Amino acid sequence: MAAVASIAEEILDLKRERRAIILAHHYQESEIQELADAIGDSLELSRRARDFEGGVIAFCGVYFMAETAKVLNPSRIVVVPDKDAGCSLVDACSADQVRAFKRLHPEYAIVSYINTSVDVKAESDVLCTSRNAVDVVNSIPADQPVLFLPDINLGNYVRKMSGRRNMRIWQGACIVHSTFPARRLSAAKSEYPEALVAAHPECPAEVLRMADFVGSTSAIIKWCADSPADEFIVMTESGVSHSLNRLAPHKKFHFVANENCNCSECPYMKRNTLEKLAACLRDLEPRVEIAPEIAERALRPLERMLAIK
């Protein structure tokens, strides 16, 4: 504990020295969330990055999130604890693939989930997060076809909720949410019969059909905290337990293991550590750098998203 406290003190000293802000996604380890100036999902942290007035942004999440912060703050230094904190959804969709689709189908509006690389964002018409994806798709004229990328489960959920038929969906998937098996959720419901189920829309459709609530990470946290119920099965990454236990310490939260690691953790998110956070603030490396032309093109669909909701 003494070592953790010492590293935490070093991080806070470096934060003051660098005029830095620490942004942490809900899926980060608890000790990182404890030091963060803001904890949130992709949309919340994008807005916080946009409104920040300091000199350095230390983004504790995965790399595409830090790229988004850099797009919104081109003149500021953006650093990450671990540059290899990637995302299976980013890997599932390249800018070359999107450009090829656009050449063949120029009539389509490209709606890209924020879980994409900055190069894919630059090829997009508008971005979305899991919280506002339905609103973003609904903002596009009903007669214009839409390509939704890259998450197939979120895309199917959006198509169902929006009622949109002229919508094609990419075939990417989150290695955490997409591998939550319905059979394990059924077993958990039998084990905890009084528990309500909250699920992220990146989960498979058969999991979502069993949920009492479907929403983004932050929406799940708020729903569980505000609900009169006392017990929940939470179908998302287990890092949300930090906020859930802080907001509702008297309630019980159960997590279902996925098929990949027999756990409910994202291996990319968990690459970040206090030691790496201290090092990136001290050395200002790894630093996120984006070509100005790409950043300018990526900013347009990002601003369209932020203007919608």
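Could you say whether any residue in region 289-303 is of a type outside the set (G, A, S) and part of a loop (DSSP other than H, G, I, E, B)?
yes
For region 113-128, check the following and say yes or no: at least one residue is part of a loop (DSSP other than H, G, I, E, B), under 18 Å from E293 (Cβ atoms), assigned by TED's automatic domain parsing to the domain that holds K276 and touching a Pro at 6+ places or on another chain (Cβ under 9 Å).
Looking for residues that are part of a loop (DSSP other than H, G, I, E, B), under 18 Å from E293 (Cβ atoms), assigned by TED's automatic domain parsing to the domain that holds K276 and touching a Pro at 6+ places or on another chain (Cβ under 9 Å), one finds none in region 113-128, hence no.
What are the pairs, 6+ residues apart or on separate chains, where a residue within region 107-131 that is under 11 Å from L154 (Cβ atoms) has its Cβ under 7 Å from a residue that is part of a loop (DSSP other than H, G, I, E, B) and of a type in the set (A, V, I, L, M, F, W, C)?
From residues that are under 11 Å from L154 (Cβ atoms), the pairs are N115/C87; C128/I114; T129/I114.
Among the candidates E285, E303, which residue alone is over 21 Å from I114 (Cα atoms) and surrounded by fewer than 17 Cβ atoms within 10 Å (Cβ to Cβ)?
Answer to the check: E285.
Quick check on region 119-135. Is at least one of its residues modelled with pLDDT of 95 or more, in contact with a strand residue (DSSP E or B) (Cβ under 7 Å, 6 or more places away or on another chain), among the polar types (S, T, N, Q) and buried (at least 21 other Cβ atoms within 10 Å of the Cβ)?
For region 119-135, residues modelled with pLDDT of 95 or more, in contact with a strand residue (DSSP E or B) (Cβ under 7 Å, 6 or more places away or on another chain), among the polar types (S, T, N, Q) and buried (at least 21 other Cβ atoms within 10 Å of the Cβ): present.
If you go through region 32-42 one residue at a time, do you hit one that is outside the structural domain of N115 (by TED's automatic domain parsing), crowded, with 21+ Cβ neighbours inside 10 Å, of a type in the set (D, E, K, R) and under 21 Å from I221 (Cβ atoms)?
yes
Restrict the check to region 253-260 and report whether at least one residue is without any contact (Cβ under 8 Å) to a residue 24 or more places away in the chain and outside any strand (DSSP E or B).
no
For region 226-245, which positions are part of a strand (DSSP E or B) and either out of contact with any helix residue (DSSP H, G or I) (no Cβ under 9 Å at 6 or more places or on another chain) or outside the structural domain of R184 (by TED's automatic domain parsing) (or both)?
E231
Looking at this structure, is C224 under 13 Å from V234 (Cα atoms) and under 21 Å from the mean Cα position of the chain (by Cα)?
Yes: the conditions hold for C224.
Which one is farthest from N132 (Cα to Cα), of the residues in region 46-102 that are modelled with pLDDT under 95 and of a type in the set (D, E)?
The extreme case among them is E53.
List pairs: first residue in region 169-187 and farther than 30 Å from Q97 by Cα, second residue of a type in the set (V, I, T) anywhere in the structure, Cβ distance under 9 angstrom, at least six positions apart or on different chains.
Going by the 9 Å Cβ cut-off, the qualifying pairs are A182/V207; R184/V256; L185/V197; L185/V207; L185/I233; L185/V256; A187/V256.
Here is a check on your reading of the model: is S139 of a type outside the set (A, V, I, L, M), touching a residue at least 40 places away in the same chain (Cβ under 8 Å) and over 11 Å from V98 (Cα atoms)? Walk me through how you get there before you give the answer.
Working: of a type outside the set (A, V, I, L, M): yes; touching a residue at least 40 places away in the same chain (Cβ under 8 Å): yes; over 11 Å from V98 (Cα atoms): yes.
When the stated conditions are applied, S139 passes them.
Name, by its number, the condition in (1) surrounded by 19 or more Cβ atoms within 10 Å (Cβ to Cβ); (2) at positive phi that does not hold for G163.
(1)
The values are calculated or read from the model by the stated rules, or taken from the named source; none is laboratory data. Here the structure is a predicted model, which means the values were calculated and not measured. As a convention, Cβ positions derive from the backbone with ideal geometry for all residues, glycine included, and neighbour counts pool all protein chains shown.
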